[in-house]
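The values are calculated or read from the model by the stated rules, or taken from the named source; none is laboratory data. Here the structure is a predicted model, which is why all the values come from computation and not from measurement. So basically every Cβ, Gly included, is an ideal-geometry build from the backbone, and we count neighbours across all protein chains shown. Accessible surface areas use protein heavy atoms only, side chains included; no ligands, DNA or RNA. Shrake-Rupley method; radii C 1.70, N 1.55, O 1.52, S 1.80 Å.
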Amino acid sequence: MTAGRGIGHLVCGRRAKWLVLALWLVVLFLMAPFAQKLMDAQDNDATSWLPGSAESTQVLEISRDFRPEQIPAVVIYARDDGLTARDRAQIAEDVGRLERLTDHGVRGAETRGPAYDRPADSRAAQVYVPITMDEQGWDRIAPAVDSIRDVVGEGGAGLAVHITGPGGTSADFAEAFEGIDSTLLLSAMAVVVVMLLLTYRSPTLLLVPVLAVIAALFTAQALIYFLAEHGGLTVNGQSAGILTVLVFGAGTDYALLLVARYREELRRHEDRHEAMALALHRAGPAVLASGATVVLSMLVLLAAEMNSTRGLGPVAAIGVAVALLAMMTLFPALLVIFGRWIFWPVIPRFGTADPTERGVWARMGRRIARGPRAVWVATALALTVCSLGLIQLRAEGISNADAFTGKPDSITGQEVSERYFPAGSGSPLVVVSDRAQAEQVARTVAGTPGVVPESLGLPPGTKPVFEGKVLFEATLTDPADSEAAKQTVERVRDAVHAVPDADAQVGGGTAGVVDMDEAITHDNVLIIPLVLVVVLLILCVLLRALLAPLLLIGTVILSFTAALGISALAFRHLFDYAGESTDFPLFVFVFLVALGIDYNIFLTTRIREEAARQGSRPGVVTGLAATGAVITSAGLVLAGTFAALGTLPMVAFAEIGFAVALGVFLDTFVVRSVLVTALFLDVGPKVWWPHRLARRDGGIAPRERQPQVSRSSE
């Protein structure tokens, strides 16, 4: 038994397989209860998303000294032909009931309003109801808004009633995130089951990877829960949702690639334990390199300024690492325990020929070999043309009105409010200044274009002075999430920072968006090159070459730009999305490069293995023939699991899911199978420079692959 086979037998030996299964059962028994608590550990408050050093974050921290952290819900009453006396009476009655309301942190005693759009013939009124954010934070917003809605009702008889403002919008976001884990779990599982059934054509075999992936997901969720509760790890709805998709997608990919090699060895070895040991020995390095690429790429996100992006890094890395561990231990152990019958009805019999040597991918490789230069040039040009769609990309942020795939009540209420009141009235600026210069700062803010001068004031329940500091609010004339409002924030900041000795800072919802955009721009510039360097180094170590990794990096970048270009066109002209979030390119890049390079790793490691036996160019054709079907299936599974993000009612998730799914599809069917194959065929042995394979044009004669009979019984 070789050392490589010995490592395989540590997992799938005759006794070891039962020990591995027992260990995983113990882990699941201990971890499953904590996995269910991950949603309770999520932190979706503003500070979990904003960069810690941002001015808006500092204002948020300071404002807690003046008052409990609050988020206002705004109740809008409107009648197009004018509010009646009966409407005004109802509004007054509602306000009285709201002032007595204390459910779920509603500070009814601090209710402000009603404020009418006109003194006499009003058509609309709005009432501010603050909601206190305590240790429950995000979790209490939706119940608080429900309590407010129970008081004000749904309107009727021509009177429209909506709940909007930051509280109403946050409640709708919370509702969209509610059940995200179960929704994505069921969606991803459905995709995986269908794709595995089509790939394996076996109703029994598909159960094994599904069970292993679920075990990996529960274990990863439990570990992340412990780190969130006791290790300071920030987990929000975004990272929790992406975790499910990553574990299902990456885990199933690793399973497919291992099964493909196991099938090959089952045709050459009678003993399934020996076959699995060899499969792990030969496919294991590529799978481990693939997993390491994703894990290290995700950990690069720790360098991000955005708290949400920085928190996603370890969450995703843990998920992929656990999926890799499960697929290298539990999954092979289960396959060996079940035996060959698990492949029914297409059971790989000992001594039968490998069908990949005469399949469609073998024929494609031979066709590309006839004129590889023309093939790769034409393919690269086609992808470049697709990349031109980038001119349609609008990754400048998504307003609240455009953030949902549907139209919740808060967005309808926002539109109604903007017709009758200053557009930014629901989300004011928050200004903190030294007491001595407070009046001058207030005059400066009031005189800045884009601010409603008469709106400056001290909110109810706010201390007038705290440790020599003063806090006040101001209303914007433009919608709080608009580009015009962002420009107003910049003007206000420039103006108040110029006031001598004021030490003034500007925060609030719009200021937070400005700081997020700035941090994401920084993250894009820093993280994208770092990920490329990490991936390049891993490829250099794995392939022991320099030219091949550089070519692979180039193809992945081209795949990324083509996917982004096509996606931008689809978002504009097919889905009619208003734009993309500012972190959209970064997330798509990280996922596509980290995950898309997987398929190049699996292809090129097999090409390298075959090149050492039969020469570089024949090795390319054989490598494509041997890996084509399984990598295509793996790509379809990964694309399908990311497409499951489209089941969520939020545009940002739908856009990421679409772009990554499209990129994986392109990488699988075009870049890996055509572009990389043609490049390697055209460059020839020099692709392995500076390794000695670059100087071995012909290689050595291929060995005959005779079945190796094991005396061990099944």
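Of all residues being touching an Asp or Glu at 6+ places or on another chain (Cβ under 7 Å) and open to solvent by 40 Å² or more (accessible area, probe 1.4 Å) in region 365-389, which is farthest from THR677 (Cα to Cα)? Just the residue, please.
ARG373
Those residues that are at pLDDT 75 or above and either closer than 19 Å to LEU243 by Cα or among the small types (Gly, Ala, Ser) (or both), I need them from region 192-210; list them, please.
VAL193, PRO209, VAL210
Could you please let me know if THR57 is open to solvent by 60 Å² or more (accessible area, probe 1.4 Å) and β-branched (Val, Ile, Thr)?
In short, no.
Out of region 155-172, which residues are closer than 13 Å to TYR128 by Cα and in a helix (DSSP H, G or I)?
GLY165, PRO166, GLY167, GLY168
Collect the residues in region 535-551 that are farther than 20 Å from ALA678 by Cβ and buried (at least 19 other Cβ atoms within 10 Å of the Cβ), keeping them in residue-number order.
VAL535, ILE538, LEU542, listed by residue number.
If we scan region 609-623, do we find a residue that is open to solvent by 10 Å² or more (accessible area, probe 1.4 Å), outside any helix (DSSP H, G or I) and of a type in the set (D, E, K, R)?
No; the residues of region 609-623 include none that is open to solvent by 10 Å² or more (accessible area, probe 1.4 Å), outside any helix (DSSP H, G or I) and of a type in the set (D, E, K, R).
Would you confirm whether any residue within region 457-467 is of a type in the set (Ser, Thr, Tyr), assigned to a loop (DSSP other than H, G, I, E, B) and modelled with pLDDT of 85 or more?
Within region 457-467 (the criterion being of a type in the set (Ser, Thr, Tyr), assigned to a loop (DSSP other than H, G, I, E, B) and modelled with pLDDT of 85 or more), the answer is no, since none of the residues qualifies.
Tell me the residue from PRO500, PRO529 that is open to solvent by 30 Å² or more (accessible area, probe 1.4 Å), out of contact with any helix residue (DSSP H, G or I) (no Cβ under 7 Å at 6 or more places or on another chain) and either within 17 Å of LEU603 (Cβ to Cβ) or without any contact (Cβ under 8 Å) to a residue 40 or more places away in the chain (or both), please.
Matching residue, one of PRO500, PRO529: PRO529.
May I ask you to list pairs of residues, at least six apart or on different chains, whose Cβ atoms are under 6 Å apart, with the first in region 424-448 being in contact (Cβ under 8 Å) with a residue 12 or more places away in the chain and closer than 25 Å to SER170 by Cβ and the second being open to solvent by 20 Å² or more (accessible area, probe 1.4 Å) and β-branched (Val, Ile, Thr)?
Within 6 Å, the pairs are GLY424/THR475; SER425/THR475; PRO428/THR475; VAL432/ILE62.
Which members of region 637-658 meet the condition of being more than 11 Å from the chain's Cα centre (by Cα) and either closer than 20 Å to SER399 by Cβ or not β-branched (Val, Ile, Thr) (or both)?
LEU638, ALA639, GLY640, ALA643, ALA644, GLY646, LEU648, PRO649, MET650, VAL651, PHE658
If you take the residues of region 434-456 that are under 26 Å from ILE131 (Cβ atoms) and assigned to a strand (DSSP E or B), which of them is nearest to the chain's Cα centre (by Cα)?
VAL451
Checking the condition at positive phi and open to solvent by less than 40 Å² (accessible area, probe 1.4 Å), which residue from GLY508, GLY554, GLY512 passes?
Every option except GLY508 fails the conditions.
What is the one condition in (1) within 26 Å of PHE680 (Cβ to Cβ); (2) open to solvent by 40 Å² or more (accessible area, probe 1.4 Å); (3) free of Cβ contacts under 8 Å to residues at least 12 places away in the same chain; (4) not hydrophobic (A, V, I, L, M, F, W, C) that ASP576 does not satisfy?
Every listed condition holds for ASP576 apart from (1).
Is one or more of the residues making up region 630-639 on the phi < 0 side of the Ramachandran plot, at pLDDT 80 or above and out of contact with any helix residue (DSSP H, G or I) (no Cβ under 6 Å at 6 or more places or on another chain)?
No, there is no match, as no residue in region 630-639 is on the phi < 0 side of the Ramachandran plot, at pLDDT 80 or above and out of contact with any helix residue (DSSP H, G or I) (no Cβ under 6 Å at 6 or more places or on another chain).
Please tell me if GLY232 is modelled with pLDDT under 80 and in a helix (DSSP H, G or I).
So GLY232 does not fit the description; no.
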